[in-house]
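Heads up, the thing below is written out as structure tokens.
The values are calculated or read from the model by the stated rules, or taken from the named source; none is laboratory data. The structure displayed is predicted, hence computed values, not measured ones. Cβ: placed from backbone, ideal geometry, glycine included. Neighbour counts: every protein chain shown.
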Amino acid sequence: MDENDVTKSVSAGKNRVIESDRRSFIRKASLAGVASVLGAGALLKAPFAKADNGNDKPKKGDLDILIAAEIAEALAVTTYTNIINTAEFFLHIPVDDQDYLKGALQEEMSHYLLEQSVTGHPTPFTSFYYPVNMFKDAQVTLNTLVLLEDAFIAAYLVGVRDFSNDDFKVTSARIMGIESDHRTLARVVANDVAPQDGGPILNTTGSAGIPESVDPPNNNGYERTLCWTSIDQAVAALTPFANKTAASKAGFDTSKPFPFVSFTPTLPNPLGVFGSFAGNGC
């Protein structure tokens, strides 16, 4: 599988997914997550049910974004977990690269738990599908990782635009900045892939659908929005990773779903702790 295959299959799959399947996925994500939360009244018990400035509890639109973010973060946790635990190339990259990936895993889990603390409900999707040879072929793994980080960045930028209060907007921007770190550092890792694993990898193919040189790894002057104006677009982009029918149509390997496993994270540095929705944690 060459470096374009994963992006071609993702793009082709998204184009071929029937509209009813896409609507069904979005409806499941929102109804199974949001409606059940509201019906159970769990939102009122969540530790961050209100922003620190006393704003009202999250609105329906806020919850739609947060449920989509939970799905994305659960997918991120699953991706990093399996890179660390199962990808052969991980054992052959420099120790500082390994530490970066381990730190990213802790950060993504922290994001997930923060969002769950607001919704009061776990991700409605607890297992994920990936392109063929994911975690076996370093090029496929890093292409997919960069593509996902592109999507996470764009999704949190939707949150910056559409959240109903400033505290949530700032929090979305704070998480988006970490996802940007992850995208850049994934491209650093690419150049450090060992020869026995097909390295060094000189290009990664993310959301743009074309190979982009990893020199320099921080090749964005501004974050890419992917032209997304609604959180539904972010959910639709994740469909092949979370829905078996869509995964099959995208050419993904559906023989082995990878489960999301929650855990208690330890952030790499106490200076980076969340603090509060008011922006505390300087």
Residue 195 vs (1) within 19 Å of residue 147 (Cα to Cα); (2) free of Cβ contacts under 8 Å to residues at least 12 places away in the same chain: all pass except (1)
Does residue 172 count as over 18 Å from residue 96 (Cβ atoms) and either without any contact (Cβ under 8 Å) to a residue 12 or more places away in the chain or in contact with a Lys or Arg (Cβ under 7 Å, 6 or more places away or on another chain) (or both)?
no
A careful count of residues in segment 225-278 that are in a loop (DSSP other than H, G, I, E, B) and not hydrophobic (A, V, I, L, M, F, W, C) gives 13
Residue 195 fails exactly one of (1) surrounded by fewer than 13 Cβ atoms within 10 Å (Cβ to Cβ); (2) within 24 Å of residue 169 (Cβ to Cβ), namely (2)
| Would segment 99-111 turn up any residue that is part of a helix (DSSP H, G or I), of a type in the set (Ser, Thr, Tyr) and at pLDDT below 95? | no
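Return the only residue of 186, 155 being under 11 Å from the mean Cα position of the chain (by Cα) and either buried (at least 20 other Cβ atoms within 10 Å of the Cβ) or not charged (D, E, K, R) (or both). Break it down into steps so the answer makes sense when it comes.
On the way: 186 fails: under 11 Å from the mean Cα position of the chain (by Cα).
From the options 186, 155, the qualifying one is 155.
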Within segment 126-145, of all residues that are under 17 Å from the mean Cα position of the chain (by Cα) and farther than 15 Å from residue 78 by Cα, the one surrounded by the most Cβ atoms within 10 Å (Cβ to Cβ) is 143
On the basis of being touching a Pro at 6+ places or on another chain (Cβ under 8 Å) and either free of Cβ contacts under 8 Å to residues at least 40 places away in the same chain or part of a loop (DSSP other than H, G, I, E, B) (or both), does residue 164 make the cut? yes
Picked from segment 189-224 (must be over 19 Å from residue 135 (Cα atoms) and among the aliphatic types (A, V, I, L, M)), the residue nearest to the chain's Cα centre (by Cα) is 208
Exactly one of 179, 149 is in a helix (DSSP H, G or I), in contact with a Gly (Cβ under 8 Å, 6 or more places away or on another chain) and buried (at least 24 other Cβ atoms within 10 Å of the Cβ), and that one is 149
